[in-house]
Amino acid sequence: MRRMFRRSNSGSIDSTPESRYARIKTAGWLMRLFDKRIVLSSELFACTAWCLGGLDFCLQGLIKEAASYTPVSKNEDEMATLEELKRVSLYNLGNALEDFLQEHPRHHKSARALLQAECREMHSTRMKRPRSYAMAAKRLEELFGLDRESVDLCEFLFINRSFEPVESYFEDNLQAMRFGGIDFLAHMLGITASRCRNILRELAYLGIAEVDRRFVALEDSIRDLWTESDSTRVSQSFCRPLEGEALPLENFSIPAEQVEHVRALLRQPSDRPMHILLYGAPGTGKTTFARSLAAAEGIPAWSVSPPQGADNDRRAQLTAGVRIASQNDKAFLLVDEAERILDCDMFSREKNVDKAWLNTFLEKPGQRVLWITNHVHHLEGAVRRRFHFSIHFEPLGSRERSAMWRQILERRGVLNRVNDAELTELSRTYDVPASVMEMSVTQAAALTGRKRSAFVPALRRVVDSYETLLRDGGKQRKKIAVAPHYDPKGVSLEGSVDTLVNKLSRVDRMLRSGGELNAGAATMLFYGPPGTGKTALARYLADRLDRECKVVRASDLLGPYVGMTEANIAEAFRDAERDDAVLVIDEADSFLFPREKAAHSWETTQVNEFLTALEECRGFCICTSNRRENMDQAAMRRFSHKIAFTYSKPEQVQALYDALLAPLTSEPMSKELETELLAMRRLTPGDFHAVRSRMLFDGGKGVEHHVLLEGLRNEQELKLDIDRRGMGFLK
């Protein structure tokens, strides 16, 4: 279907300065194209009529030519048709003229000459660029360093998409923006085809235009250079001064030598390329660190504006940002959320183009850029090699969170509203980034005023709401602490709990005083029947050492993809060491089965990763297992301490009964029942907890001793029955 131009509602062609300028420019392009003997199509007539204000001159010229032919009687039909065309609406005139010339081809040469002459006259009407066009040209020069010919091509691309008759002819009919139409595009702009191709490549590289074999178009952010009058808003759509709170660099958990290394790089001459990568989990302070670097060095910095659309828009932002930053000595550009630019998928053709662009950008002299990303696992080696330095930002551990809470509270003048115990509880309970801490402190202070007692509850409400939102409405799973009624005397193990506590306390004091633990020296295996209190004792030991207890189940570490389990294992050990926590791995036998029984290579890899992590562990690690006999023998050698848990001995049975079940009854126990209780040989602490929970569920107080013993007998009988029959598919 042929598209024709539309006039304004008043019936006349729009006569604003911008429209008149576009019409004069279009007349010049058409004037040159007529030299190429282009086809006289309806779209060409419509475009010419739009820029010249009509085609009456052409009709009059053709009528005059027809009248000059002899004999005149043979030209009467042509002249009559041309007279009728005068009455055709401007909207339909292009189609009518095309049909006429197809029927009467002898008028082609005259029509072409008439149109070209009129376009030449229109083009000779010199007109300065209107304000919006002059402003866009200046911005293209300042932001991207474009020369006159490149600006002219951008101006054509803008006019082409802004006026329907122009787009209908140049893009749809002439196809000047396609690969095969470059000669047309170059000729109408008055440049060589080679130069035109180079400009298009440059515009694509800079992110100014999307260039494909089938079309060329300005990016949306570039079109705004013509339409947005506020220069500040335009420049800030590409980059803006890096603003926000800066902290002393020593406040960050980054080794001092790394911080000093980056500062030394920033002091290098500005003409040298410098690309620094800051990566790590969200909320670990990467952006604040960049602001603090600029403040510490006393240098200006700019930040690429948040991404709005396509990746090409990000290219334009980068190009403009680097150019602006380079105008200030030692300044740098910060690129936040850089994943979309840095993550080049090798299996995508478009991403291969991005990869080539990125590698060129990273090698270009004079670029000083700090890149921020939350993950790097998809970064190709070729990209990684081009960074001059990188810093990994670990998630905040309990100790770092405590320090961060204290800094924020002190900075906001409300540190006196939180005592040390509450501060410790906040840092251990809430694994949140610094930005959430800042928000919660600010909000709680504003809402509670001078009510000191209301401050911490308000603080918790804000953080709780954040964590609930992260869990899609689910409540935070509370960390299990040592039970208030826990008594280590109820645990039956080789050796004594007190001796174990004393050994671990000596190691703890050495670590806290700055000493270094030999790798693997504090790795322990707690093994024995289910319910014997292995995990509970591990929590108790962590509490006695005043360290956070990180309990991880095997199911928490197993990943659905090859390599993910190994990564989870390494991360669990790394996190515990960073937080100075006691790492407890339940059901560790899932990873420590004999490797000769592995059915797949990845199973062996998981065992190897676990054993390596144990060997290199420089903190406290306690693994629990119900089935030591199924474990890899090499794994057993990796544990410095192997502690067997057994069924409760009579003294432990008595201690557990007194602590957990006796408080449920008010009567003394008879000698017969006491003898029966102490004769039970296959009870565990878990059995006593199970009976207690069941009794509390049924009513709680006033339970008779024989009912409690019946519950214990049932728990013991269940274990005996399982031993006789075998368990599940193992029987």
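Hey, can you rank 36-43, 329-336, 679-686 by average C-beta count inside 10 Å, highest first?
Highest-to-lowest ranking by the protection proxy: 329-336, 679-686, 36-43.
Using helices alone, what [θ] at 222 nm do you get for the chain, with -39,500 (n - 2.57) per DSSP H run of 4 or more residues, divided over all residues and rounded to the nearest 500?
-16500 deg cm²/dmol
Got a sec to turn the phi values of the stretch 98-108 into Karplus ³J(HN,Hα) couplings, 6.51 cos²θ - 1.76 cosθ + 1.60 with θ = phi - 60°, whole Hz, x for Gly and Pro?
Result, ordered by residue: 4, 4, 4, 5, 5, 7, 10, x, 5, 8, 4 Hz.
Quick check for you: which residues of the stretch 134-149 have the amide N under 11 Å from the point 7 Å beyond the Cα of Arg195 toward its beta carbon?
Counting only backbone N, you get 148-149.
Report the relative contact order of the stretch 131-229, percent, no decimals, based on alpha-carbon pairs under 8 angstrom and at least 6 residues apart.
Rounded, it is 27 percent for the stretch 131-229.
For the Cα atoms of the chain, what angle does the longest principal axis make with the long axis of helix 434-448, in degrees from 0 to 90, nearest 10?
So the inclination is approximately 80 degrees.
Count neighbours as other Cβ atoms within 10 Å of each site's Cβ, and list the GluC sites (Glu not before Pro) in the stretch 242-306 that are DSSP loop with at most 11 such neighbours.
Glu243, Glu245
Considering amide H positions built from the backbone, and no H for Pro or chain starts, which residues 5 or more places from Leu493, or on another chain, come under 5 Å of its amide H?
For Leu493, whose amide H was placed from the backbone, the distant partners under 5 Å are Thr646.
For Asp487 and Arg263, FRET efficiency with R0 = 35 Å and r from the beta-carbon atoms, rounded to 0.05?
The computed FRET efficiency comes out at 0.05.
Per-residue counts of other Cβ atoms within 10 Å, averaged by peptide: what ranking do you get for 703-714, 522-533, highest first?
Highest-to-lowest ranking by the protection proxy: 522-533, 703-714.
If the chain between Arg87 and Gln443 were fully stretched, how many nm would it gain, using 0.36 nm times the residue separation less the Cα-Cα distance?
Stretched fully, the Arg87-Gln443 segment lengthens by 120.8 nm.
Using amide H atoms built in the peptide plane, which far-off residues or other-chain residues are under 5 Å from Cys239 H to H?
Amide H to amide H, under 5 Å and 5 or more residues apart or across chains, Cys239 pairs with Ser305.
About the Cα centre of the stretch 234-393, what is the dipole size in debye to 20, counting +1 per Lys and Arg Cβ and -1 per Asp and Glu Cβ, all else neutral?
400
Which is farthest toward the positive dipole end of the chain among His706, Gln258, Ala356, measuring Cα position about the Cα centre, with Cβ charges +1 (Lys, Arg) and -1 (Asp, Glu)?
About the Cα centre, the residue reaching furthest to the positive side is Gln258.
Quick check: residue separation of Leu415 and Gln327 times 0.36 nm, minus the Cα distance between them. What number comes out in nm?
Once the chain is fully extended between Leu415 and Gln327, it gains 27.4 nm.
Quick query: amide H of Val552 versus all other amide H atoms, modeled in the peptide plane; which residues come in under 5 Å with a sequence gap of 5 or more or a different chain?
Result for Val552 returns Val584, Ile585, Asp586.
Round to the nearest 10 and give me the degree value, 0 to 90, for the angle of helix 148-162's Cα axis relative to the longest principal axis of the chain.
90
Can you give the % of DSSP beta bridges in the stretch 234-393 that are antiparallel, to the nearest 5?
Antiparallel: roughly 15 percent of the beta bridges in the stretch 234-393.
Using unit Cβ charges (K, R positive; D, E negative) and no other charged atoms, how large, in debye to the nearest 20, is the dipole of the chain about its Cα centre? Don't skip to the end; give the middle numbers.
Numbers: 103 positive and 104 negative charges, 222 e Å.
Using Cβ point charges on Lys, Arg, Asp and Glu, the chain gives about 1060 debye.
Just to check I understand the Karplus step: with θ = phi - 60° and J = 6.51 cos²θ - 1.76 cosθ + 1.60, what whole-Hz values come out for the stretch 115-125, glycine and proline as x?
After applying 6.51 cos²θ - 1.76 cosθ + 1.60, I find 5, 5, 5, 5, 5, 5, 5, 5, 5, 5, 6 Hz.
How many nm is it between the label spots at Thr360 and Arg37, if each spot is 7 Å from the Cα in line with the beta carbon?
3.7
Through the Karplus equation 6.51 cos²θ - 1.76 cosθ + 1.60, θ set to phi - 60°, convert the phi angles of the stretch 526-541 into ³J(HN,Hα) values in whole Hz; use x for Gly and Pro.
Once θ is set to phi - 60°, the couplings for the stretch 526-541 become 9, 10, x, x, x, x, 7, x, 5, 5, 4, 5, 4, 5, 4, 5 Hz.
Please give the peptides 76-83, 114-121 ranked by average Cβ packing (other Cβ atoms within 10 Å per residue), highest first, as a rough proxy for protection.
Ranked by mean Cβ neighbours within 10 Å, highest first: 114-121, 76-83.
Tell me the label-point distance for the pair Asn714, Lys642, using the 7 Å Cα-to-Cβ offset, in nm and rounded to one decimal.
3.8
Out of all DSSP beta bridges with both ends in the chain, state the antiparallel percent to the nearest 5.
15
In percent, what relative contact order does the chain have, based on Cα pairs under 8 Å that are 6 or more apart in sequence? Display every interim value, and only then the final one.
Numbers: 984 pairs, mean separation 61.8, N = 731.
This gives 8 percent for the chain.
Helix 497-512 against the longest principal axis of the chain: what's the angle in degrees, Cα atoms only, rounded to the nearest 10?
40
Work out the length of the dipole vector of the stretch 17-123 about its Cα centre, built from +1 on the beta-carbon of each Lys and Arg and -1 on the beta-carbon of each Asp and Glu, and round it to the nearest 20 debye.
Value, rounded to 20: 520 debye.
Report the label-to-label distance for Ser666 and Lys138 in nanometres (one decimal), using points 7 Å from each Cα along the Cα→Cβ vector.
Using points 7 Å along Cα→Cβ, the separation is 9.3 nm.
Every read-out reported here was derived from the displayed coordinates using simple, explicitly stated rules and does not represent laboratory data. Not measured: the values here are computed from a predicted model. Here the Cβ is made from the backbone with ideal geometry for all residues, glycine too, and neighbour counts use every protein chain on show.
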